[in-house]
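Below: one structure, written as structure tokens.
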Amino acid sequence: MKKSDTYTQLKKRIISKQAVVAVIGLGYVGLPMAVQFARKGFSVIGIDTSKKRVTRLKKGISYIGDVDDKDISEAVASKRFTVTTSAKPLSGCDVVIICVPTPLNRALKPDISYILSASKILKQNSRAGQLVILESTTYPGTTRDIIMPVLAGREGKAGKDFFLAFSPERIDPGNPRYDFSNIPKLVGGITEKCTCLAKTLYEMVTEKAIGLSSPESAEVTKLLENSFRIVNIGLINEFAHLCHKLGIDVWEVVEAAKTKPFGFMPFYPGPGVGGHCIPADPMYLSWKARKVGFETRMIDLAARVNINAPKHVVERISDLLKEQNKKIKGSNILLLGASYKENINDLRESPALDVIKLLDGKKAAWSYCDSFIPYLDICGIRAKSKTLSKSLVKKQDLVVILTGHSGVDYEMVAANAKLIFDTRNVAGKKGIKGENIVKL
Ligand SMILES: NC(=O)c1ccc[n+]([C@@H]2O[C@H](COP(=O)([O-])OP(=O)(O)OC[C@H]3O[C@@H](n4cnc5c(N)ncnc54)[C@H](O)[C@@H]3O)[C@@H](O)[C@H]2O)c1
């Protein structure tokens, strides 16, 4: 009987869930995905360079809001999920999924050093016949130009001896409705067989997987999604600024525009954009665009507007205090919320950090409350989150709502604060009214 080829063998192993899946990078993206593969019956090896994270996972403790301790302990107890800092087990895996960070460097250019270090461990530990999938958000060409040469050097030809694809992660941490299991998964392989294998894999653990013609299409699709967000957030932040000058309530305007059943999608203003994705990903695209002599003017302009949003917030704070015959210098200013969005513990690129730095530079007596962020290392100090109480609120010259976490007693804040500057319209959304509340 003829021995089946590498592709057919791997496809069979995936469909029968015999395939062993390695996930490199167990963060906001990698950890929920690894747990989902284990839950669906695959053996999963999670590899992370952080000893601290691996130790916590071995004890059944999660550090990601979307994954419960119970999810981890169940996955570990089922013996389908093992975690390690060692890359050696990679050679025994059938599938390798890379979920390492892709930040910007100091010059605001793509920092693909984590992808390079993941490639290095792949080079040392991969074997022929594996399916490798890059999930980290990156500029078009990364899968083909960075990962493929590493594998091709050792394993032979893509689509025959090994399989390689890009599949963007589209999760929205903290979103109770959509998670890894029900957000359609896009895949673009180097060859049709690569796409087909990656699609088959994700179909085993998610509701829907869609094949694209190339890794580049999949890489750019993710960047289009995030560019769409950065541009629209930039537009609404600019609109908020304009509405303030015109004496119009921007929140009312967005709610009104939202009643149009087609052709409008609401975006909301705020103190700026944060997180690992929206501020960084479009910069990956504009960097790549410049390499081919193209200028991404919309993205660059929106990024500028958003970068200036914290400055605008501090200008408004200054104006509000002036109206009370006070200055920022020496005023007690309590900031509610520090993480970049509600109900998560992610502080990366949070606009709250820029607001704090600006206030600190103006010598404000600032403090903050955020049960998701127990402490902040900023402006040369370790600031601890205060416990929200009537007496704390009463002491403040101004309370600024920067992130609208649920579980905060905003009624109490509104009842006791001299003045509130609400950059997220939290009070409005909760129907809390008061002459002491000023919206962005
Ligand atoms: N966080 C999000 O909401 C989100 C959403 C969609 C896509 N993404 C993209 O997914 C990727 C991962 O983001 P994240 O938020 O999960 O990052 P993260 O920082 O939460 O996690 C990354 C993990 O990778 C580990 N790591 C770094 N280098 C490694 C290496 N060489 N080997 C093994 N482990 C390594 C880190 O220790 C960390 O635990 C990024 O490209 C990001 O843009 C993130």
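The values are calculated or read from the model by the stated rules, or taken from the named source; none is laboratory data. For clarity, every value in this text was computed on a predicted model and none was experimentally measured. So basically every Cβ, Gly included, is an ideal-geometry build from the backbone, and we count neighbours across all protein chains shown. Each accessible area value is taken on the protein alone, full model and side chains, heavy atoms only, with ligands, DNA and RNA left out. Shrake-Rupley method; radii C 1.70, N 1.55, O 1.52, S 1.80 Å.
Data overview
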read-out: Output for the range 108-123, where each listed residue is assigned to a loop (DSSP other than H, G, I, E, B) and either open to solvent by 70 Å² or more (accessible area, probe 1.4 Å) or touching a residue at least 24 places away in the same chain (Cβ under 8 Å) (or both); value: LEU108, LYS109, ILE112
read-out: Answer residue from the range 271-326, given it is at positive phi and modelled with pLDDT of 95 or more and is farthest from the chain's Cα centre (by Cα) among those; value: ASN325
read-out: Test: residue in the range 229-246 that is within 21 Å of VAL96 (Cβ to Cβ), buried (at least 20 other Cβ atoms within 10 Å of the Cβ) and of a type in the set (A, V, I, L, M); value: no
read-out: Among (1) under 28 Å from SER389 (Cβ atoms); (2) open to solvent by 60 Å² or more (accessible area, probe 1.4 Å) - the single one PRO271 does not satisfy; value: (2)
read-out: Positions within the range 347-380 being assigned to a loop (DSSP other than H, G, I, E, B) and either closer than 23 Å to VAL413 by Cα or open to solvent by less than 10 Å² (accessible area, probe 1.4 Å) (or both), in sequence order; value: SER350, ALA364, ASP370, SER371, PHE372, ILE373, PRO374
read-out: Number of the exception - ALA38 against (1) closer than 20 Å to ASN182 by Cβ; (2) away from the ligand (no atom under 12 Å from the Cβ); (3) surrounded by fewer than 21 Cβ atoms within 10 Å (Cβ to Cβ); (4) not aromatic (Phe, Trp, Tyr); value: (3)
read-out: Residue match in the range 142-155 (condition: outside any helix (DSSP H, G or I) and either more than 14 Å from the ligand (Cβ to nearest atom) or touching a Gly at 6+ places or on another chain (Cβ under 6 Å) (or both)); value: no
read-out: Check on LYS222, open to solvent by 50 Å² or more (accessible area, probe 1.4 Å), within 18 Å of GLY189 (Cα to Cα) and basic (Lys, Arg); value: no
read-out: Tally of residues being open to solvent by less than 30 Å² (accessible area, probe 1.4 Å) and either in contact with a Gly (Cβ under 7 Å, 6 or more places away or on another chain) or near the ligand (Cβ under 10 Å from one of its atoms) (or both) across the range 91-102; value: 4
read-out: Residue within the range 242-257 that is touching a residue at least 40 places away in the same chain (Cβ under 8 Å) and part of a loop (DSSP other than H, G, I, E, B) present; value: yes
read-out: Of all residues making up the range 41-61, the number that are open to solvent by less than 50 Å² (accessible area, probe 1.4 Å), within 12 Å of the ligand (Cβ to nearest atom) and part of a loop (DSSP other than H, G, I, E, B); value: 2
read-out: Residues being touching a residue at least 12 places away in the same chain (Cβ under 8 Å) and away from the ligand (no atom under 16 Å from the Cβ) - total across the range 362-381; value: 13
read-out: Residue match in the range 258-280 (condition: in contact (Cβ under 8 Å) with a residue 24 or more places away in the chain and charged (D, E, K, R)); value: no
read-out: Subset of the range 10-28 that is open to solvent by 20 Å² or more (accessible area, probe 1.4 Å) and at pLDDT 95 or above - its residue that is nearest to the ligand (Cβ to nearest atom); value: VAL20
